[in-house]
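What follows is calculated from the coordinates using simple rules that are stated; it is not laboratory data. What you see is a predicted model, and the numbers here were worked out from it, not measured in a lab. Because the Cβ atoms are built from the backbone with ideal geometry, glycine has one as well, and the counts that use them run over all protein chains shown.
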Amino acid sequence: MFIHFGPWTWQDLVEGGGPVPLSIMKPDQLDTDQWVSVAEAMSAKYIVFVAKHGDGFCWWQTDTPNDSVKSIPWRDGKGDVLRDLSESCRKRGMKLGVYLSPADGQHGAAVGGKCKSDEGQEAYIKIYRRQLTELLSRYGEMMEVWFDGSLVFKVGDIIKRCAPNAMVFQGPHATIRWVGNEDGYAPYPAWNAVSVSKDPARYGVYTAEDGDPDGDTWLPNECDARIRADWAWTSRNADTLKSVEELMEMYYRSVGHGGALLLNNTPDPTGLIPEADARRSAEFGAEIKRRFSKSLAETAGAGDIVELTLAGPTRIDRVVTMEDIREGERVREYVIEGMTDGAWREIAKGTAIGHKKIDRFDPVEASKVRLRVVKCAAEPLIRKLAVYSAASAVGAETKGRETAAAGFQKAREWTPGDVGVDWSNLDVDLVPWCKNATQYEVVFKQTGGANDLEIRSATLLFEGVEAAHFVSKGKTAQTFLVTITGIGRGMVFRASVRGKGGTDTRGEVLIRERKIE
């Protein structure tokens with residue numbers, strides 16, 4: 001469970017409403033035991049708490065110059081939310097992680113913690129390192145550390161000293177990666193490995209799109225998502241609370257695609273997670289247990305075929321397969337077959353299995369089920385092959401598939417006046433087109449002229465700060481993938497271009513969001 005909680009809550013905004021009078025921040029009913037109870041009810045195994053977001057407010061007793069709990073009336077400035085939460089987690093056996101935003105408006109730090117001046121950068125690095133040390137040394141063991149938007153400087157010595165066993169989300173020390181959207185969906189296949197040697201400059205901002213079954217670095221996907229439409233509570237988004245079926249679809253396409261689901265709940269100004277949200281979380285957890293707490297039958301095995309014999313003809317509609325990933329992700333292609341009317345019939349197929357693959361299909365009656373591995377990198381090691389009858393009890397299900405969002409939008413045109421025979425910059429304002437934290441596809445489409453457009457390089461400028469590592473080449477020389485990890489007031493895609501042999505070139509710059517549908 002993710003927990004976003006910030007000063008914007010008292011402005012009744014989702015975030016980014018400007019300075020908040022600290023005197024109004026009074027979460028007088030705050031109860032971290034209740035937060036942990038909500039996490040338990042939805043079957044979560046860990047909590048990641050946003051200790052500091054991009055506004056710079058710190059929910060712990062920091063010794064740095066940021067605004068913090070020391071500055072608000074709650075508990076006369078002596079409260080410490082992270083202290084309370086760490087104790088609640090310890091009592092209940094819940095694992096805890098922490099999110100420390102590299103961006104910080106109070107110190108002029110943009111995405112990744114990048115400042116505009118060398119002097120400002122040096123000062124902020126010292127502040128950030130101190131904050132990270134406080135979080136990782138004062139509150140017990142942390143199982144995950146979140147560097148949202150990556151991190152442009154190194155803090156590996158602090159992690160090694162204070163949290164050597166923690167998973168690290170993004171940044172130069174990453175051990176897990178962002179799936180690439182905030183919808184809680186992983187594409188399929190979502191391979192656990194990436195090929196760092198092919199593009200080392202982008203380490204820390206890889207997404208599921210970078211998965212490579214033969215990659216050189218193990219970097220599993222985490223899928224973050226919201227139980228409401230927004231990361232933060234407002235009085236206006238209660239009706240956006242997701243249904244149980246919507247949450248289950250998210251579960252199938254994150255956990256069921258081998259990833260981890262990180263689902264956000266957010267307290268209201270009282271400091272409590274709203275009752276309706278807590279109840280929906282519990283309904284979600286109950287539905288997971290109803291469908292998957294007990295299999296009809298299961299087995300394990302090694303080799304190209306793993307077979308499961310049922311008690312007799314049995315109605316099934318789900319198969320859960322898991323590899324022993326201690327020995328890597330070995331399966332590359334597989335088929336699930338059921339014995340019906342005395343013959344083996346295909347009921348599902350796929351490529352990646354990894355930690356877990358949930359296959360859904362129309363109900364069949366089978367007396368046996370087998371996994372047949374068609375292609376593998378080494379001997380398949382299957383730690384679980386299980387069958388279920390788990391059809392929805394709360395509404396019709398949909399079976400998701402990965403697509404690119406239909407239809408490009410024209411972000412700008414270029415003419416001979418924009419392009420010279422020498423290299424120059426062609427800028428595209430992304431603000432009107434990029435409304436979500438996800439990946440976008442930018443395509444340069446030539447529509448006329450006698451000369452071709454050459455593109456030497458491309459970068460992203462986020463609020464004036466260059467973030468080239470958020471841009472990668474697409475399938476053609478005119479296509480780029482842009483990863484947007486946060487929405488800013490200034491987002492510019494900049495390409496270095498020239499006309500090949502002359503300036504007579506015309507065309508359009510097209511953009512679309514890459515979605516999982």
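A simple packing score, the average count of other Cβ atoms within 10 Å per residue, orders the peptides 470-483, 259-272 as 259-272, 470-483, with the highest score first.
Under a 5 Å amide H cut-off, with hydrogens placed 1.01 Å from N, residue 333 pairs with 374, 375 among residues at least 5 apart or on other chains.
Distance between the pseudo-spin-label points of residue 282 and residue 300 (7 Å out from Cα toward the beta carbon): 3.5 nm. Available extension along the chain between residue 209 and residue 195 is 3.9 nm, counting 0.36 nm per residue and deducting the alpha carbon span. Cα gyration tensor of the chain, axes a ≥ b ≥ c as square roots of the eigenvalues: rounded (a/c below 1.5), prolate (a/b > b/c) or oblate? It comes out oblate by the Cα gyration axes. Note on residue 468 and residue 138: the extension gain reaches 115.3 nm, defined as 0.36 nm multiplied by sequence separation minus the Cα-Cα distance.
Hey, how many Å between the Cα centroid of segment 208-260 and the Cα centroid of segment 117-141? When both Cα centres are located, 29 Å separates them.
Straight-line reach from residue 368: which aspartates and glutamates fall under 18 Å, measuring Cα to Cα and dropping same-chain residues less than 8 apart? Straight-line reach from residue 368, under 18 Å: 298, 304, 307, 317, 337, 341, 346, 359. With K and R counted +1 and D and E -1, the other residues having a Cβ less than 14 Å from that of residue 328 yield a net charge of -4. Overall form of segment 2-290: oblate. Here a/c, set by the Cα gyration tensor axes a ≥ b ≥ c, is 1.5 or more, and a/b is not larger than b/c. Model label points for residue 412 and residue 424, set 7 angstrom from Cα along the Cα-to-Cβ axis, are 1.2 nm apart. Per-peptide packing, taken as the mean over residues of other Cβ atoms within 10 Å, places 160-173, 19-32 in the sequence 160-173, 19-32 from highest down.
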